[in-house]
Amino acid sequence: MSTINIMSKSRVSKAILNRLKPAHSFSRTFSTSQRWQHVLPSQTRVFAVNHIESWDRNGNGNGSRLFSSMSHATGERVVRELLAEVEREKQREREQRKKAGLGTADIDAEDDEDYMGVGRLIEKLEKENQKQVDPRILNMREEPTDSESEEDDHRFTHEAIQTRQEILEKKLKRHEELLDKFTRSDNLDDAFKWMNKIDKFEEKHLALRFEYRVIGDLMNRLKEASGKDKFLLQQKLNRAIRLVKWKEAYDPNNPANYGVIQNMQSQHDPAEDSDAESKKPLIKGVSHDDDDEEEEFDEAKKTDDLVLQKLNSIDKMLEEKLAQLDHTFGRKGKVLEEEIRDLAEERNSLTEKIRRPQFRKGFDVKLIDVNRTCKVTKGGQLIKYTVLLACGNYHGVIGFAKAKGPAVPTACQKAHEKCFQNLHYVERHEDHTIAHAIQTSYKKTKVYLWPGPTQGGMKAGRTVQTILNLAGLKNVKSKVVGSRNPHNTVKALFKGLNAIETPKDVQEKFGRVVVESYLL
(Lines give C-alpha, C1' and ligand atoms only; values in the text may rest on other atoms or scores of the structure.)
Protein backbone atom coordinates (compact mmCIF):
# COMPACT_ATOMS: atom_id res chain seq x y z
CA MET A 1 0.00 0.00 0.00
CA SER A 2 1.26 3.46 -0.82
CA THR A 3 1.47 6.26 1.72
CA ILE A 4 -0.81 9.31 1.44
CA ASN A 5 1.12 12.52 0.87
CA ILE A 6 -0.49 15.44 2.72
CA MET A 7 0.34 18.84 1.27
CA SER A 8 0.19 21.71 3.73
CA LYS A 9 0.09 25.39 2.92
CA SER A 10 1.13 26.75 6.32
CA ARG A 11 4.57 26.93 7.75
CA VAL A 12 3.63 25.08 10.93
CA SER A 13 2.10 22.15 9.06
CA LYS A 14 5.26 21.72 6.98
CA ALA A 15 7.46 21.81 10.07
CA ILE A 16 5.34 19.16 11.81
CA LEU A 17 5.42 16.92 8.76
CA ASN A 18 9.21 17.24 8.56
CA ARG A 19 9.43 16.21 12.22
CA LEU A 20 7.17 13.22 11.74
CA LYS A 21 8.66 11.99 8.42
CA PRO A 22 10.78 8.87 9.04
CA ALA A 23 13.71 7.55 6.98
CA HIS A 24 11.88 4.34 6.17
CA SER A 25 8.09 4.33 6.36
CA PHE A 26 5.49 1.71 5.88
CA SER A 27 1.73 2.21 6.03
CA ARG A 28 -1.15 0.22 7.48
CA THR A 29 -4.80 1.14 7.05
CA PHE A 30 -7.20 1.17 10.03
CA SER A 31 -10.94 1.52 9.51
CA THR A 32 -12.98 2.77 12.50
CA SER A 33 -16.38 2.49 10.82
CA GLN A 34 -18.74 -0.23 12.06
CA ARG A 35 -19.87 -2.81 9.52
CA TRP A 36 -23.59 -3.30 9.45
CA GLN A 37 -25.30 -6.19 7.76
CA HIS A 38 -27.93 -4.21 5.87
CA VAL A 39 -27.28 -0.49 6.30
CA LEU A 40 -24.36 1.11 4.50
CA PRO A 41 -22.17 3.46 6.59
CA SER A 42 -22.70 7.16 6.01
CA GLN A 43 -19.02 7.97 6.32
CA THR A 44 -15.86 5.88 6.34
CA ARG A 45 -12.83 7.20 8.11
CA VAL A 46 -9.47 5.78 7.04
CA PHE A 47 -6.31 6.60 8.77
CA ALA A 48 -2.83 5.91 7.42
CA VAL A 49 -0.46 5.27 10.24
CA ASN A 50 3.25 5.30 9.69
CA HIS A 51 5.07 2.76 11.76
CA ILE A 52 8.33 4.20 12.83
CA GLU A 53 11.25 2.37 14.31
CA SER A 54 13.76 4.54 16.08
CA TRP A 55 17.34 4.41 14.95
CA ASP A 56 20.29 3.87 17.22
CA ARG A 57 22.23 6.80 18.58
CA ASN A 58 24.91 6.55 15.85
CA GLY A 59 22.29 6.94 13.10
CA ASN A 60 22.78 3.60 11.37
CA GLY A 61 20.14 0.92 11.21
CA ASN A 62 22.35 -2.14 11.57
CA GLY A 63 20.80 -4.82 13.76
CA SER A 64 17.52 -2.84 14.23
CA ARG A 65 14.04 -3.55 12.90
CA LEU A 66 12.66 -0.99 10.49
CA PHE A 67 9.02 -1.96 11.11
CA SER A 68 7.15 -2.95 14.23
CA SER A 69 3.57 -4.15 14.22
CA MET A 70 1.02 -2.08 16.15
CA SER A 71 -2.40 -3.02 17.49
CA HIS A 72 -5.66 -1.32 16.48
CA ALA A 73 -6.04 0.61 19.77
CA THR A 74 -2.40 1.75 19.71
CA GLY A 75 -2.79 3.06 16.16
CA GLU A 76 -5.87 5.07 17.07
CA ARG A 77 -4.13 6.55 20.10
CA VAL A 78 -1.12 7.61 18.02
CA VAL A 79 -3.38 9.25 15.42
CA ARG A 80 -5.32 11.17 18.10
CA GLU A 81 -2.09 12.45 19.65
CA LEU A 82 -0.76 13.61 16.27
CA LEU A 83 -4.01 15.37 15.36
CA ALA A 84 -4.14 17.07 18.76
CA GLU A 85 -0.56 18.32 18.36
CA VAL A 86 -1.34 19.67 14.88
CA GLU A 87 -4.40 21.48 16.24
CA ARG A 88 -2.36 23.06 19.05
CA GLU A 89 0.24 24.29 16.60
CA LYS A 90 -2.47 25.82 14.40
CA GLN A 91 -3.99 27.56 17.39
CA ARG A 92 -0.60 29.03 18.36
CA GLU A 93 -0.09 30.29 14.80
CA ARG A 94 -3.58 31.90 14.82
CA GLU A 95 -2.80 33.74 18.05
CA GLN A 96 0.54 34.96 16.70
CA ARG A 97 -1.10 36.26 13.52
CA LYS A 98 -3.84 38.02 15.48
CA LYS A 99 -1.20 39.74 17.64
CA ALA A 100 0.68 40.80 14.49
CA GLY A 101 -2.54 42.13 12.92
CA LEU A 102 -2.68 39.53 10.15
CA GLY A 103 -5.65 37.45 8.99
CA THR A 104 -6.25 33.75 9.64
CA ALA A 105 -8.38 32.97 6.60
CA ASP A 106 -5.81 30.68 4.99
CA ILE A 107 -5.44 28.61 8.18
CA ASP A 108 -9.22 28.24 8.50
CA ALA A 109 -9.43 27.23 4.83
CA GLU A 110 -7.03 24.35 5.47
CA ASP A 111 -9.50 22.77 7.92
CA ASP A 112 -12.25 22.73 5.29
CA GLU A 113 -10.03 21.48 2.47
CA ASP A 114 -10.46 17.86 1.46
CA TYR A 115 -6.87 16.61 1.32
CA MET A 116 -7.77 12.95 1.00
CA GLY A 117 -10.42 13.48 -1.70
CA VAL A 118 -13.14 11.53 0.10
CA GLY A 119 -15.78 14.30 0.12
CA ARG A 120 -17.32 13.27 -3.20
CA LEU A 121 -17.23 9.63 -2.19
CA ILE A 122 -19.12 10.39 1.02
CA GLU A 123 -21.81 12.35 -0.86
CA LYS A 124 -22.20 9.48 -3.32
CA LEU A 125 -22.60 6.94 -0.52
CA GLU A 126 -25.19 9.10 1.23
CA LYS A 127 -27.28 9.35 -1.95
CA GLU A 128 -27.14 5.58 -2.44
CA ASN A 129 -28.08 5.05 1.19
CA GLN A 130 -31.18 7.20 0.72
CA LYS A 131 -32.25 5.13 -2.30
CA GLN A 132 -31.59 1.76 -0.66
CA VAL A 133 -34.10 1.25 2.16
CA ASP A 134 -33.24 -1.07 5.01
CA PRO A 135 -35.23 -4.35 4.59
CA ARG A 136 -35.90 -4.33 8.33
CA ILE A 137 -37.96 -1.17 7.84
CA LEU A 138 -39.84 -2.70 4.89
CA ASN A 139 -40.69 -5.85 6.86
CA MET A 140 -41.72 -3.94 9.98
CA ARG A 141 -45.15 -4.85 11.37
CA GLU A 142 -47.71 -2.10 10.86
CA GLU A 143 -49.32 -0.60 13.93
CA PRO A 144 -53.04 -1.48 14.06
CA THR A 145 -55.44 1.43 13.90
CA ASP A 146 -58.87 1.91 15.36
CA SER A 147 -60.31 2.93 11.99
CA GLU A 148 -62.82 0.59 10.35
CA SER A 149 -61.88 1.61 6.80
CA GLU A 150 -58.80 0.20 5.13
CA GLU A 151 -57.93 3.48 3.44
CA ASP A 152 -55.52 5.87 5.12
CA ASP A 153 -56.83 9.00 6.75
CA HIS A 154 -56.31 11.93 4.37
CA ARG A 155 -55.86 14.33 7.27
CA PHE A 156 -52.42 12.95 8.07
CA THR A 157 -50.99 12.69 4.57
CA HIS A 158 -47.94 14.73 3.66
CA GLU A 159 -49.94 17.03 1.36
CA ALA A 160 -52.58 17.74 4.00
CA ILE A 161 -49.99 18.49 6.66
CA GLN A 162 -48.10 20.74 4.24
CA THR A 163 -51.32 22.59 3.37
CA ARG A 164 -52.15 23.18 7.01
CA GLN A 165 -48.63 24.42 7.62
CA GLU A 166 -48.88 26.91 4.76
CA ILE A 167 -52.25 28.19 5.98
CA LEU A 168 -50.85 28.65 9.48
CA GLU A 169 -47.86 30.57 8.14
CA LYS A 170 -50.18 32.88 6.18
CA LYS A 171 -52.25 33.53 9.31
CA LEU A 172 -49.16 34.31 11.36
CA LYS A 173 -47.86 36.63 8.65
CA ARG A 174 -51.20 38.47 8.54
CA HIS A 175 -51.18 38.72 12.33
CA GLU A 176 -47.71 40.27 12.27
CA GLU A 177 -48.88 42.82 9.68
CA LEU A 178 -51.80 43.84 11.87
CA LEU A 179 -49.53 44.20 14.89
CA ASP A 180 -47.12 46.31 12.84
CA LYS A 181 -49.94 48.63 11.76
CA PHE A 182 -51.14 48.85 15.34
CA THR A 183 -47.70 49.92 16.58
CA ARG A 184 -47.39 52.51 13.79
CA SER A 185 -50.80 54.11 14.37
CA ASP A 186 -50.69 57.92 14.64
CA ASN A 187 -53.58 58.58 17.03
CA LEU A 188 -55.79 56.76 19.51
CA ASP A 189 -58.63 56.25 17.03
CA ASP A 190 -56.39 54.36 14.62
CA ALA A 191 -54.90 52.33 17.46
CA PHE A 192 -58.39 51.43 18.71
CA LYS A 193 -59.45 50.44 15.17
CA TRP A 194 -56.44 48.16 14.62
CA MET A 195 -56.83 46.71 18.10
CA ASN A 196 -60.41 45.68 17.31
CA LYS A 197 -59.26 44.12 14.04
CA ILE A 198 -56.56 42.17 15.86
CA ASP A 199 -59.08 40.91 18.41
CA LYS A 200 -61.51 39.77 15.71
CA PHE A 201 -58.70 38.13 13.73
CA GLU A 202 -57.47 36.23 16.80
CA GLU A 203 -60.99 35.10 17.71
CA LYS A 204 -61.61 33.83 14.17
CA HIS A 205 -58.27 32.32 13.14
CA LEU A 206 -56.05 32.01 16.24
CA ALA A 207 -58.63 31.34 18.92
CA LEU A 208 -57.45 29.53 22.03
CA ARG A 209 -59.33 26.52 23.24
CA PHE A 210 -61.66 27.04 26.15
CA GLU A 211 -59.46 24.98 28.49
CA TYR A 212 -56.41 27.16 27.85
CA ARG A 213 -58.42 30.33 28.38
CA VAL A 214 -59.60 29.02 31.74
CA ILE A 215 -56.02 28.12 32.69
CA GLY A 216 -54.84 31.61 31.71
CA ASP A 217 -57.57 33.23 33.80
CA LEU A 218 -56.66 31.06 36.79
CA MET A 219 -52.97 31.93 36.45
CA ASN A 220 -53.76 35.66 36.34
CA ARG A 221 -55.86 35.35 39.48
CA LEU A 222 -53.15 33.25 41.14
CA LYS A 223 -50.61 36.09 40.80
CA GLU A 224 -52.70 38.37 43.02
CA ALA A 225 -54.14 35.74 45.38
CA SER A 226 -52.75 34.87 48.79
CA GLY A 227 -53.53 32.58 51.68
CA LYS A 228 -56.54 30.33 51.36
CA ASP A 229 -57.62 31.70 47.96
CA LYS A 230 -54.15 30.93 46.58
CA PHE A 231 -54.40 27.31 47.76
CA LEU A 232 -57.84 26.85 46.21
CA LEU A 233 -56.69 28.37 42.91
CA GLN A 234 -53.69 26.03 42.86
CA GLN A 235 -56.01 23.05 43.30
CA LYS A 236 -58.28 24.25 40.47
CA LEU A 237 -55.28 24.94 38.21
CA ASN A 238 -53.87 21.48 38.83
CA ARG A 239 -57.23 19.89 38.01
CA ALA A 240 -57.56 21.94 34.80
CA ILE A 241 -54.07 20.99 33.60
CA ARG A 242 -54.74 17.29 34.24
CA LEU A 243 -57.99 17.58 32.26
CA VAL A 244 -56.17 19.18 29.31
CA LYS A 245 -53.51 16.45 29.35
CA TRP A 246 -56.22 13.78 29.33
CA LYS A 247 -57.99 15.42 26.37
CA GLU A 248 -54.75 15.71 24.40
CA ALA A 249 -53.93 12.05 25.04
CA TYR A 250 -57.27 11.01 23.50
CA ASP A 251 -57.63 13.73 20.84
CA PRO A 252 -58.45 12.04 17.47
CA ASN A 253 -57.31 15.14 15.53
CA ASN A 254 -53.78 14.94 16.93
CA PRO A 255 -51.37 13.19 14.50
CA ALA A 256 -49.37 11.87 17.44
CA ASN A 257 -52.38 9.74 18.45
CA TYR A 258 -52.94 8.34 14.94
CA GLY A 259 -52.91 4.56 14.99
CA VAL A 260 -52.48 4.36 18.73
CA ILE A 261 -54.94 2.37 20.80
CA GLN A 262 -54.74 2.90 24.53
CA ASN A 263 -56.27 0.12 26.56
CA MET A 264 -56.91 1.20 30.13
CA GLN A 265 -57.11 -1.97 32.17
CA SER A 266 -59.02 -1.56 35.38
CA GLN A 267 -57.26 -2.81 38.47
CA HIS A 268 -60.48 -3.01 40.49
CA ASP A 269 -63.10 -5.68 40.58
CA PRO A 270 -66.21 -4.74 38.54
CA ALA A 271 -68.40 -5.98 41.37
CA GLU A 272 -66.68 -3.60 43.79
CA ASP A 273 -67.05 -0.74 41.33
CA SER A 274 -70.77 -1.42 40.97
CA ASP A 275 -71.16 -1.53 44.75
CA ALA A 276 -69.27 1.75 45.06
CA GLU A 277 -71.52 3.36 42.46
CA SER A 278 -74.61 2.15 44.27
CA LYS A 279 -73.33 3.60 47.55
CA LYS A 280 -72.18 6.86 46.02
CA PRO A 281 -75.57 8.60 45.84
CA LEU A 282 -76.29 7.59 49.45
CA ILE A 283 -73.06 9.19 50.62
CA LYS A 284 -73.50 12.39 48.66
CA GLY A 285 -77.18 12.69 49.41
CA VAL A 286 -77.89 13.64 45.78
CA SER A 287 -78.85 11.27 42.99
CA HIS A 288 -77.42 11.59 39.50
CA ASP A 289 -80.77 11.38 37.75
CA ASP A 290 -83.63 13.50 39.09
CA ASP A 291 -86.20 11.69 36.96
CA ASP A 292 -85.32 8.34 38.52
CA GLU A 293 -85.62 9.94 41.94
CA GLU A 294 -89.09 11.25 41.21
CA GLU A 295 -90.25 7.92 39.77
CA GLU A 296 -88.92 6.02 42.76
CA PHE A 297 -90.52 8.49 45.14
CA ASP A 298 -93.86 8.22 43.33
CA GLU A 299 -93.78 4.41 43.47
CA ALA A 300 -92.96 4.43 47.18
CA LYS A 301 -95.75 6.90 47.78
CA LYS A 302 -98.26 4.72 45.89
CA THR A 303 -97.33 1.63 47.89
CA ASP A 304 -97.59 3.60 51.13
CA ASP A 305 -101.04 4.85 50.15
CA LEU A 306 -102.23 1.31 49.39
CA VAL A 307 -100.94 0.02 52.71
CA LEU A 308 -102.59 2.89 54.57
CA GLN A 309 -105.91 2.14 52.87
CA LYS A 310 -105.67 -1.50 53.92
CA LEU A 311 -104.84 -0.48 57.47
CA ASN A 312 -107.82 1.87 57.62
CA SER A 313 -110.17 -0.86 56.37
CA ILE A 314 -108.74 -3.35 58.90
CA ASP A 315 -109.16 -0.82 61.72
CA LYS A 316 -112.81 -0.31 60.79
CA MET A 317 -113.44 -4.06 60.72
CA LEU A 318 -111.72 -4.47 64.09
CA GLU A 319 -113.88 -1.76 65.64
CA GLU A 320 -117.05 -3.40 64.33
CA LYS A 321 -116.07 -6.88 65.52
CA LEU A 322 -114.98 -5.60 68.93
CA ALA A 323 -118.35 -3.90 69.27
CA GLN A 324 -120.09 -7.19 68.34
CA LEU A 325 -117.92 -9.15 70.78
CA ASP A 326 -119.47 -7.31 73.72
CA HIS A 327 -122.86 -8.83 72.89
CA THR A 328 -121.78 -12.22 71.53
CA PHE A 329 -121.18 -15.32 73.65
CA GLY A 330 -120.68 -19.06 73.19
CA ARG A 331 -119.43 -20.55 69.97
CA LYS A 332 -120.12 -17.41 67.98
CA GLY A 333 -118.00 -15.45 70.44
CA LYS A 334 -115.05 -17.84 70.02
CA VAL A 335 -115.29 -17.60 66.21
CA LEU A 336 -115.41 -13.81 66.50
CA GLU A 337 -112.31 -13.80 68.71
CA GLU A 338 -110.39 -15.87 66.13
CA GLU A 339 -111.38 -13.42 63.37
CA ILE A 340 -110.24 -10.49 65.51
CA ARG A 341 -106.93 -12.27 66.16
CA ASP A 342 -106.38 -12.87 62.43
CA LEU A 343 -107.14 -9.23 61.63
CA ALA A 344 -104.69 -8.07 64.30
CA GLU A 345 -101.91 -10.30 62.89
CA GLU A 346 -102.58 -8.98 59.40
CA ARG A 347 -102.45 -5.40 60.68
CA ASN A 348 -99.14 -6.06 62.44
CA SER A 349 -97.63 -7.53 59.26
CA LEU A 350 -98.69 -4.45 57.28
CA THR A 351 -97.24 -2.08 59.86
CA GLU A 352 -93.92 -3.94 59.69
CA LYS A 353 -93.76 -3.21 55.96
CA ILE A 354 -94.03 0.54 56.41
CA ARG A 355 -91.77 0.65 59.47
CA ARG A 356 -88.90 2.47 57.80
CA PRO A 357 -87.40 5.93 58.34
CA GLN A 358 -89.23 8.83 56.81
CA PHE A 359 -86.03 10.57 55.57
CA ARG A 360 -84.06 7.49 54.62
CA LYS A 361 -82.93 8.72 51.18
CA GLY A 362 -79.46 10.25 51.22
CA PHE A 363 -78.88 9.53 54.90
CA ASP A 364 -76.30 7.27 56.46
CA VAL A 365 -76.59 5.66 59.89
CA LYS A 366 -73.62 4.82 62.14
CA LEU A 367 -73.53 2.76 65.32
CA ILE A 368 -72.06 4.75 68.22
CA ASP A 369 -72.37 2.41 71.21
CA VAL A 370 -73.97 -0.88 72.31
CA ASN A 371 -74.51 -1.63 76.00
CA ARG A 372 -75.66 -4.94 77.51
CA THR A 373 -77.55 -5.06 80.82
CA CYS A 374 -78.55 -8.14 82.80
CA LYS A 375 -81.22 -8.17 85.50
CA VAL A 376 -81.37 -11.22 87.76
CA THR A 377 -84.87 -12.28 88.85
CA LYS A 378 -86.43 -15.36 90.36
CA GLY A 379 -87.38 -16.62 86.94
CA GLY A 380 -83.86 -16.11 85.56
CA GLN A 381 -81.82 -13.40 83.89
CA LEU A 382 -83.42 -10.63 81.85
CA ILE A 383 -80.94 -9.39 79.24
CA LYS A 384 -81.49 -6.11 77.44
CA TYR A 385 -79.40 -4.20 74.94
CA THR A 386 -79.14 -0.42 74.67
CA VAL A 387 -78.11 0.92 71.26
CA LEU A 388 -77.03 4.47 70.40
CA LEU A 389 -77.18 5.45 66.70
CA ALA A 390 -76.32 8.63 64.80
CA CYS A 391 -77.52 9.57 61.31
CA GLY A 392 -76.61 12.27 58.82
CA ASN A 393 -76.77 13.21 55.15
CA TYR A 394 -73.23 14.71 54.90
CA HIS A 395 -74.80 18.11 54.16
CA GLY A 396 -75.35 19.53 57.65
CA VAL A 397 -78.34 17.44 58.87
CA ILE A 398 -77.59 15.04 61.73
CA GLY A 399 -79.51 13.23 64.44
CA PHE A 400 -79.15 10.62 67.18
CA ALA A 401 -81.39 8.20 69.05
CA LYS A 402 -81.20 5.62 71.83
CA ALA A 403 -83.35 2.49 72.05
CA LYS A 404 -83.57 -0.71 74.09
CA GLY A 405 -84.54 -4.23 73.12
CA PRO A 406 -84.12 -7.90 74.02
CA ALA A 407 -81.76 -8.33 71.05
CA VAL A 408 -79.36 -6.08 69.20
CA PRO A 409 -81.29 -6.12 65.86
CA THR A 410 -84.52 -5.18 67.61
CA ALA A 411 -82.86 -2.32 69.46
CA CYS A 412 -81.19 -1.12 66.27
CA GLN A 413 -84.53 -1.14 64.44
CA LYS A 414 -86.17 0.96 67.16
CA ALA A 415 -83.25 3.40 67.28
CA HIS A 416 -83.24 3.61 63.49
CA GLU A 417 -86.88 4.67 63.51
CA LYS A 418 -86.41 7.19 66.31
CA CYS A 419 -83.21 8.59 64.83
CA PHE A 420 -85.02 10.50 62.08
CA GLN A 421 -87.44 12.04 64.56
CA ASN A 422 -84.59 13.98 66.23
CA LEU A 423 -82.81 15.82 63.42
CA HIS A 424 -80.64 18.95 63.78
CA TYR A 425 -79.19 21.28 61.16
CA VAL A 426 -75.58 22.42 61.60
CA GLU A 427 -74.26 25.51 59.81
CA ARG A 428 -71.02 24.71 57.97
CA HIS A 429 -68.54 27.49 57.24
CA GLU A 430 -67.57 27.23 53.54
CA ASP A 431 -68.93 23.66 53.56
CA HIS A 432 -65.90 22.18 55.32
CA THR A 433 -65.56 23.51 58.91
CA ILE A 434 -67.28 25.46 61.69
CA ALA A 435 -67.41 29.26 61.89
CA HIS A 436 -65.69 29.67 65.28
CA ALA A 437 -64.42 27.78 68.31
CA ILE A 438 -66.97 26.48 70.81
CA GLN A 439 -66.92 24.92 74.28
CA THR A 440 -69.85 23.00 75.80
CA SER A 441 -70.41 20.66 78.71
CA TYR A 442 -72.99 18.05 79.67
CA LYS A 443 -72.80 16.66 83.19
CA LYS A 444 -69.15 15.61 83.69
CA THR A 445 -68.16 15.84 80.01
CA LYS A 446 -66.64 18.89 78.29
CA VAL A 447 -66.20 19.13 74.52
CA TYR A 448 -63.96 21.68 72.78
CA LEU A 449 -64.23 22.34 69.02
CA TRP A 450 -61.92 24.48 66.84
CA PRO A 451 -62.12 25.23 63.11
CA GLY A 452 -59.20 23.69 61.24
CA PRO A 453 -57.34 24.92 58.12
CA THR A 454 -58.28 23.81 54.63
CA GLN A 455 -57.07 20.26 53.92
CA GLY A 456 -56.04 20.03 57.57
CA GLY A 457 -58.19 17.00 58.19
CA MET A 458 -60.13 15.80 61.21
CA LYS A 459 -58.46 15.50 64.62
CA ALA A 460 -60.96 14.07 67.10
CA GLY A 461 -61.97 10.92 68.94
CA ARG A 462 -63.92 8.10 67.37
CA THR A 463 -67.36 9.20 68.61
CA VAL A 464 -66.90 12.89 67.80
CA GLN A 465 -65.28 12.17 64.44
CA THR A 466 -68.13 9.88 63.35
CA ILE A 467 -70.79 12.51 64.05
CA LEU A 468 -68.78 15.34 62.47
CA ASN A 469 -68.27 13.25 59.33
CA LEU A 470 -72.02 12.59 59.12
CA ALA A 471 -72.57 16.36 59.33
CA GLY A 472 -70.23 16.93 56.37
CA LEU A 473 -67.48 18.66 58.37
CA LYS A 474 -63.97 17.87 57.14
CA ASN A 475 -61.52 20.20 58.92
CA VAL A 476 -62.31 20.38 62.65
CA LYS A 477 -60.18 19.83 65.75
CA SER A 478 -61.75 18.47 68.94
CA LYS A 479 -60.87 17.63 72.53
CA VAL A 480 -63.01 15.80 75.11
CA VAL A 481 -62.22 16.52 78.78
CA GLY A 482 -63.70 14.64 81.71
CA SER A 483 -66.03 11.69 81.36
CA ARG A 484 -65.75 9.82 78.05
CA ASN A 485 -69.21 8.28 78.29
CA PRO A 486 -70.52 8.02 74.68
CA HIS A 487 -74.03 9.15 75.63
CA ASN A 488 -72.80 12.27 77.44
CA THR A 489 -70.25 12.98 74.68
CA VAL A 490 -72.92 12.85 71.96
CA LYS A 491 -75.28 15.12 73.88
CA ALA A 492 -72.50 17.63 74.63
CA LEU A 493 -71.42 17.59 70.99
CA PHE A 494 -74.94 18.24 69.70
CA LYS A 495 -75.32 21.01 72.26
CA GLY A 496 -72.14 22.67 70.99
CA LEU A 497 -73.01 22.30 67.30
CA ASN A 498 -76.43 23.87 67.88
CA ALA A 499 -74.77 26.81 69.69
CA ILE A 500 -72.54 27.78 66.74
CA GLU A 501 -73.32 31.26 65.40
CA THR A 502 -72.98 32.07 61.73
CA PRO A 503 -71.62 35.42 60.45
CA LYS A 504 -75.18 36.37 59.56
CA ASP A 505 -76.32 35.73 63.15
CA VAL A 506 -73.49 37.90 64.47
CA GLN A 507 -74.44 40.72 62.08
CA GLU A 508 -78.05 40.62 63.28
CA LYS A 509 -76.94 40.40 66.91
CA PHE A 510 -74.50 43.35 66.94
CA GLY A 511 -75.62 45.28 63.87
CA ARG A 512 -72.14 45.29 62.31
CA VAL A 513 -70.59 43.82 59.19
CA VAL A 514 -68.59 40.62 59.66
CA VAL A 515 -65.60 39.93 57.40
CA GLU A 516 -62.73 37.43 57.34
CA SER A 517 -59.84 38.26 59.65
CA TYR A 518 -57.20 38.00 56.90
CA LEU A 519 -58.98 40.78 54.96
CA LEU A 520 -58.43 43.31 57.77
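Please list, ordered by first then second residue, the pairs with beta carbon atoms under 6 Å, 6 or more apart or interchain, first in the stretch 162-180 and closer than 17 Å to Ala191 by Cβ and assigned by TED's automatic domain parsing to the domain that holds Ala207, second in a helix (DSSP H, G or I) and among the aliphatic types (A, V, I, L, M). Going by the 6 Å Cβ cut-off, the qualifying pairs are Leu178/Ile198.
Given the condition among the β-branched types (Val, Ile, Thr), surrounded by 10 or more Cβ atoms within 10 Å (Cβ to Cβ) and modelled with pLDDT of 75 or more, answer yes or no: does some residue in the stretch 243-262 qualify? Yes, some residue in the stretch 243-262 is among the β-branched types (Val, Ile, Thr), surrounded by 10 or more Cβ atoms within 10 Å (Cβ to Cβ) and modelled with pLDDT of 75 or more.
Scanning the stretch 143-171 for residues that are modelled with pLDDT of 85 or more and surrounded by 12 or more Cβ atoms within 10 Å (Cβ to Cβ) returns Leu168, Lys171. Looking across the stretch 370-416, the residues that are in a strand (DSSP E or B) and basic (Lys, Arg) come down to Arg372, Lys375, Lys384, Lys402, Lys404. For the stretch 435-470, taking the residues that are in contact with a Phe, Trp or Tyr (Cβ under 8 Å, 6 or more places away or on another chain) and assigned to a loop (DSSP other than H, G, I, E, B), the one that is farthest from Gly362 (Cα to Cα) is identified as Ala437. Could you look through the stretch 187-218, keep only residues that are surrounded by 12 or more Cβ atoms within 10 Å (Cβ to Cβ) and among the aliphatic types (A, V, I, L, M), and pick out the one that is nearest to Arg164 (Cα to Cα)? Among residues in the stretch 187-218 that are surrounded by 12 or more Cβ atoms within 10 Å (Cβ to Cβ) and among the aliphatic types (A, V, I, L, M), the one nearest to Arg164 (Cα to Cα) is Leu206.
Going through (1) touching a helix residue (DSSP H, G or I) at 6+ places or on another chain (Cβ under 8 Å); (2) surrounded by 15 or more Cβ atoms within 10 Å (Cβ to Cβ); (3) not in a strand (DSSP E or B) one by one, Leu473 falls short only on (1).
The residues of the stretch 454-469 that are surrounded by fewer than 21 Cβ atoms within 10 Å (Cβ to Cβ) and in contact (Cβ under 8 Å) with a residue 60 or more places away in the chain, listed by number, are Thr454, Gln455, Thr466, Asn469. Determine whether the stretch 488-504 contains at least one residue that is under 28 Å from Ala225 (Cα atoms), of a type outside the set (Ser, Thr, Tyr), assigned to a helix (DSSP H, G or I) and without any contact (Cβ under 8 Å) to a residue 24 or more places away in the chain. Looking for residues that are under 28 Å from Ala225 (Cα atoms), of a type outside the set (Ser, Thr, Tyr), assigned to a helix (DSSP H, G or I) and without any contact (Cβ under 8 Å) to a residue 24 or more places away in the chain, one finds at least one in the stretch 488-504, hence yes. Taking the stated definitions as given, is Leu367 at pLDDT 90 or above and either closer than 15 Å to Phe494 by Cα or not in a strand (DSSP E or B) (or both)? The answer is no for Leu367.
Pairs are defined by a Cβ separation below 8 Å, a sequence spacing of at least 6 or placement on different chains, a first member in the stretch 390-408 that is among the hydroxyl-bearing types (Ser, Thr, Tyr), and a second member that is surrounded by fewer than 20 Cβ atoms within 10 Å (Cβ to Cβ) and not in a strand (DSSP E or B); the pairs so defined are Tyr394/Ile283; Tyr394/Lys284; Tyr394/Gly285; Tyr394/Asn469; Tyr394/Gly472.
The values are calculated or read from the model by the stated rules, or taken from the named source; none is laboratory data. Since this is a predicted model, take the numbers as computed values, not measurements. Reconstructed Cβ throughout: ideal geometry from the backbone, glycine too, with neighbour counts over all protein chains shown.
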